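The structure is given below, and queries will be raised subsequently.
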Amino acid sequence: MSARLLDPTVYLVTDTTQCGGPAGVVTTVGAAVGGGVTAVQLRDPGATTRELVDLGRALVALLRPRGVPLVVDDRVDVALAIDADGAHVGQSDLDPVSARRLLGPDRHLGLSVSTPEEAQDAAGLPPGTVDLLGVGPVRPTATKSDARPAIGFARLGDVTAATGLPCVAIGGLRADDVGALHEAGAAGSAVVSAVCGRPDPAAAARELARAWAEARAGR
Ligand code: TZP
């Protein structure tokens, strides 16, 4: 799979506080990739630009040899500066058409949506603008202070049905949720605390990967 069309099955979103600092992010991501994480998003809204660039470079050095794509949340400039595989933007970040213009045709672009209307709007953008929708929060989450209200699994199904774009679910998700996410049409689960907040991130990632394999096999 090309970096642009990344595999969102077990999509780890980093949280520097939950990982115990930038060095903890690198350790956690390294362990979690060993457990089966398929894509990583660097997310640290509290970091300075220099801190983000330094952490991003360390993650590129870790992930590129392992063939796991790295996407930078919100900061398209940082994604380009560190030669990451792409960026992820929210509804109030740089608009997706401008983000695509900066990223060029070969890097991944993800977009956060919470409603079927936002998903339809994304599908109506010029072809090749957005590669993946992040849909949520599905459950309430303490990780993102400004998260929108939880949408639940039924609404997640409405959002995935409203678009032909692949959707990764996010927000308060655990391995136990994977069956319901699969039924609702999600292509993967994006998690922070289900991996970063766990004493054994590799085991946590393995649990998620196994749950997706089982859901897809109909078990
Ligand atoms: N966007 C929507 S919810 C969320 C983000 C970044 C945080 C998800 O964190 P957790 O710990 O998996 O609930």
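Taking every eigenvalue of the Cα gyration tensor of region 124-219, multiplying by 5 and rooting it, what semi-axes result, largest first, whole Å?
22, 17, 13
Extending each Cα 7 Å along its Cβ direction at PHE153 and GLN120, get the distance between those two points in nm, one decimal.
So the label points at PHE153 and GLN120 sit 2.6 nm apart.
Whole percent per 5 Å bin, from 0 to the bin with the longest distance: what is P(r) over all C-alpha pairs of the chain?
Once binned at 5 Å, the Cα pair distances of the chain give 1, 8, 17, 20, 23, 18, 10, 3, 0, 0.
Calculate, axis by axis, the spread of Cα positions in region 40-160 along the three principal axes, and write the results as whole Å, longest axis first.
Taking the Cα atoms of region 40-160, the three principal extents are 39, 35, 26 Å.
Find the Rg to Rh ratio for region 22-71, where Rh is the Kirkwood radius over alpha-carbon pairs and Rg uses the same atoms.
Ratio value, two decimals: 0.95.
Just to be sure I follow: if Rg is taken over the C-alpha atoms of region 65-118 and Rh is the Kirkwood radius over the same atoms, what is Rg/Rh?
Rg/Rh for region 65-118 comes to 1.00.
Per 0.36 nm of contour for each residue apart, how much would the distance between ARG210 and ASP7 grow if the chain were fully extended, relative to their Cα-Cα spacing?
That works out to 71.6 nm of additional length.
Also, I was wondering about something else. Residues with beta-carbon under 12 Å from that of VAL33, excluding VAL33: net charge, scoring Lys, Arg +1 and Asp, Glu -1?
Once all neighbours under 12 Å are counted, the net charge is +3.
Readers should treat all values here as calculations from the given coordinates under stated rules, not as data from a laboratory. All values reported here derive from a predicted model rather than from experimental measurement. Backbone-built Cβ (ideal geometry, glycine too); neighbour counts: all protein chains shown.
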